[in-house]
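**Student:** I'd like to ask you about the structure that follows.
The numbers here are math on the coordinates, done by the rules we state, and not lab data. Because the structure is a prediction, the values reported are computed rather than measured. Cβ placement follows ideal geometry from the backbone for every residue including glycine, while neighbour counts extend to all protein chains displayed.
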Amino acid sequence: MLRLGWKVLTLGAVASLGLSACGASVQSTLKGATASVGAQQYLQVHLTASATATGASSAQATKVEKVLSLLSYDITEQSTSGTALSKSVGKINEEIAVSVGSRKLVDVIEIGTDIYAKVDFTSLAQIPSVGISSAQTAGLQLLLGARWFELPSSLLNTYLPSKAQVKSQTARQHAVEQKVVDALTALIDKTKYTTLSGGGYQEKGTLQSVADALAPVMAGITSTPLHNGKVPGTYQVGISLSGSTATGADIAITAPNGTSGDMTVQVTATIAHQSDNINAPSGATVITPQLIASLSGRASGSGLGLG
């Protein structure tokens, strides 16, 4: 699947805040997070980010904010079995989109074992300092933009590792993710929280505590230390609840930006469960090895540098 443990690593850890505030254990916290996010047939998650800063970093933060304010990331899932997403392994359609303003820059849909993708290169022109000329954008749009491409499983199997390798890699990835979640939820469980007036909870802590919590996990993955010495900065994490259901989450990280002052980057997620079916786009161009070779040759000849 296109999901790479994002729900476990973010929503699972954040949702544990609200549940741990009620005295729940780490184990029941994760079960509650799964029940809240994956208990229905449909799921929509909308992610945005922002940046602010103090001191001399303000000018840099303003530039970063101009880019972040234009971008958003959406994840939509549908259980094709009609049951809860958490009980529909292997039977989930998914769409992931990166948007610039109201226009989708990249749109990827996974239906069964087939993947569909579309790119709107013209939206790149809206991003400040993107580093691509209007002529290049127009050329890319003419060649590849505004049309759906289908990557059938037969093609993916040609270039991707075998199912056995993928299964093994996935198992290792999930094992690491679980260790990370256990470390973070243990940290969250023992950190003080405040109750939000609209429903939900908020918690603050230091990046040093996060680094220390993750150090034993990382030691089992890489010989390179996670950090050397002190890790300055703080984090703030919160969750919005409607009853026991998570409706939103956010995390903000504040850290020194050299000697120019502090910078804060915040990521906010809204969570919904609207009945939104995900279907394969019609008229998609099926990608074949021959088409890849043809497009590569045309791009090289036009100076677009895709070959």
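**Student:** Using a/c under 1.5 as the rounded threshold, could you call the stretch 33-124 rounded, prolate or oblate? The axes a ≥ b ≥ c are square roots of the C-alpha gyration tensor eigenvalues, and prolate needs a/b larger than b/c, oblate otherwise. Mind showing how you got there, number by number?
**Tutor:** On the way: a/c = 4.36, a/b = 1.82, b/c = 2.40.
The shape class here is oblate.
**Student:** I need Arg147, Arg172 ordered by Cβ neighbour count within 10 Å, fewest first.
**Tutor:** On the way: Arg147 15, Arg172 11.
Least crowded to most crowded, the residues run Arg172, Arg147.
**Student:** Only counting other Cβ atoms within 10 Å, I'd like Ser240, Ser294, Ser260 sorted with the fewest neighbours first. Walk me through the numbers before you get to the answer.
**Tutor:** Working: Ser240 21, Ser294 11, Ser260 16.
The order, fewest Cβ neighbours first, is Ser294, Ser260, Ser240.
**Student:** Just the Cα atoms of the stretch 109-158: what Rg and Dmax do they give in Å?
**Tutor:** So, for the stretch 109-158, Rg and Dmax equal 13.9, 39 Å respectively.
**Student:** Among Ile92, Ile111, which comes first, then next, by fewest other beta-carbon atoms within 10 Å?
**Tutor:** Ascending number of Cβ neighbours within 10 Å: Ile111, Ile92.
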